[in-house]
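Visitor: There's a structure below that I have some questions on.
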Amino acid sequence: MKNPGWIDLQVNGHNGVDFSNPELTEDMVIKACEELFAAGTDIFLPTIITGPMELYRRNIPIIKKAVESHGFADKVPGVHLEGPFISNTPGAVGAHNPAWVQIPSKEAVDQLNADGFIKIITIGADAQNAPEAIARAREVGIHVSVGHHMANYEQVKAAADAGAELLTHLGNGCPNLIDRHNNPVWAGLAEERLTAMCISDGHHLPGDLLKVFIRTKGVDKMIITSDQAEATGFKPGRYFVLGNDAVLEPNGKLHNPVKKCLVGSASTIGMCMDFLESLNIWSEEELTKMGRTNALALLNSK
């Protein structure tokens, strides 16, 4: 189908640029932006994963200055912080460094948002003080997604009560083996108020599971993201990605074979939408909702 202008709410990096790199420069940001726009991504949120507070203080202003000075503010309206308020439990923490996980608080939210450039923050619904931090984030105009957690339904419900609106890459950011009934995947599906963000690169979720998730949530409550990392555009091989010794397979799977977890993806949002379209289940209008319309509505809301 024709690209209507895909929107990606979770972009860790692109072709050698990592937005969580402590040596990130404005030129790197502009390089990634220009290449992503050329590749068919219309609007996106640079994503910084779990790290020390100093990383956020440094990189958020760099990204903001770069996009504003080059006239990209409409295309890059803010950043997505995927952490640091997530679970440090193995599996749930995924490829993130558990040593940098922090307990959320109203004060920490304000500290992170000093530049007023955060659009989305991912918080573990089972984190201590999660509802209070979520409520504070919403007060200052930050959209909240829950994920990278082992939250049960009551904790996910409490997060939604506090103002959470999204689920970060549902079906991922959890251990490979979970309780068959009491787990964060079922909890996220069961909470009707939360829109699911899912990665349709063909590796994070198999097609049949995407079918189940989308039918359960409904097209209007689904947003496709890429979770792409700096290895997007690289040849197959071994690389250091998002703090991990990762392997990029010939089929595009990007993973840490020791931790047995994925390390973001090596697919753009356009590639993710191509995979979703290849399943031959949804109409062009439905694909556009999941790849653009729903994300745009979120970005335009307060």
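Visitor: With labels modelled as points extended 7 Å from the Cα through the Cβ direction, what inter-label distance (nm, one decimal) is found for His181 paired with Lys106?
Guide: Here the modelled spin labels are 3.8 nm apart.
Visitor: Can you give the translational diffusion coefficient of the range 167-267 in µm²/s, computed by Stokes-Einstein from the Kirkwood radius over Cα pairs at 37 °C and 0.692 mPa s? Before the final figure, lay out each step's value.
Guide: On the way: Rh = 14.4 Å.
Using the Kirkwood radius from Cα pairs, D works out to 228 µm²/s.
Visitor: Could you list the square roots of 5 times each eigenvalue of the Cα gyration tensor of the range 225-302, that is, the equivalent ellipsoid semi-axes, sorted largest first and rounded to whole Å?
Guide: 28, 16, 10
Visitor: So what's the Cα pair-distance distribution over the range 80-174, bin width 10 Å, in %?
Guide: Pair shares across the bins are 19, 56, 24, 1.
Visitor: Treat the range 50-136 as a sphere of radius equal to its Kirkwood radius over Cα pairs and apply Stokes-Einstein at 37 °C in a medium of 0.692 mPa s; give the translational diffusion coefficient in µm²/s, rounded to a whole number.
Guide: Roughly 242 µm²/s, to the nearest whole number.
Visitor: What value, in deg cm²/dmol to 500, does the helix sum -39500 (n - 2.57) over DSSP H runs of n ≥ 4 give at 222 nm once divided by the residues of the chain? All intermediate terms of the calculation are to be shown ahead of the outcome.
Guide: Working: 10 runs with 97 residues, N = 302.
Computed ellipticity for the chain at 222 nm equals -9500 deg cm²/dmol.
Visitor: Using 0.36 nm per residue, how much length does the chain from Asp220 to Glu54 gain when fully extended, once their Cα-Cα distance is taken away?
Guide: 56.0 nm
Visitor: Compare Ile62, Ile224, Ile86 in a GNM of the chain, Cα atoms joined below 10 Å, and give the one with the largest fluctuation.
Guide: Ile62
Visitor: Excluding same-chain residues fewer than 8 positions from Lys302, which lysines have a Cα within less than 19 Å of its Cα?
Guide: Lys75, Lys106, Lys119, Lys221
Visitor: Still on this structure, I have one more. Work out the length of the dipole vector of the range 1-121 about its Cα centre, built from +1 on the beta-carbon of each Lys and Arg and -1 on the beta-carbon of each Asp and Glu, and round it to the nearest 20 debye.
Guide: The dipole magnitude comes to about 180 debye.
Visitor: Using a Förster distance of 45 angstrom, determine the FRET efficiency expected from the C-beta separation of Ile30 and Ala190, and round it to 0.05.
Guide: 0.60
Visitor: Which percent of the Cα-Cα distances in the chain go past 26 Å?
Guide: For the chain, the share of Cα pairs beyond 26 Å comes to 38 percent.
Visitor: Viscosity 1.306 mPa s, temperature 10 °C: give me the Stokes-Einstein translational D for the range 148-223 in µm²/s, with Rh taken as the Kirkwood radius over C-alpha pairs.
Guide: 127 µm²/s
Visitor: Can I ask one more? Would any residue of the range 88-113 have its amide N under 20 Å from a label point 7 Å out along Cα→Cβ of Glu132? List them or say none.
Guide: 88, 101-113
Visitor: I would also like to ask the following. What number, in percent, do you get for the relative contact order of the chain if the mean sequence gap of Cα pairs under 8 Å and at least 6 apart is divided by its residue count?
Guide: 19 percent
Visitor: How big is the dipole moment of the chain about its Cα centre under a simple scheme where the beta carbon of each Lys and Arg is +1, that of each Asp and Glu is -1, and everything else is neutral? Debye, nearest 20, please.
Guide: Details: 26 positive and 36 negative charges, 57 e Å.
Dipole size: approximately 280 debye.
Visitor: In Å, the Kirkwood hydrodynamic radius of the range 11-85 over pairs of distinct alpha carbons? Could you put the intermediate results ahead of the total?
Guide: Working: mean 1/r = 0.0824 Å⁻¹.
Taking the inverse mean of 1/r over all distinct Cα pairs, the range 11-85 comes out at 12.1 Å.
Visitor: So, counting K/R as plus one and D/E as minus one, what does the shell of residues with Cβ under 11 Å around Trp282 add up to?
Guide: Here the count lands on -1.
Visitor: Related question: Distance from the Cα centre of the range 106-158 to that of the range 1-51, in angstrom?
Guide: For the range 106-158 versus the range 1-51, the Cα centre distance is 23 Å.
Visitor: Follow-up. Springs between alpha-carbon atoms under 10 Å, Gaussian network over the chain: tell me which of His203, His181, His143 tops the mean-square fluctuations.
Guide: His181
No value in this document is a laboratory result; all are computed from the given coordinates. Source: prediction; values computed, not measured. Using ideal geometry, Cβ is built from the backbone for each residue, glycine included, and neighbour counts are taken over all protein chains shown.
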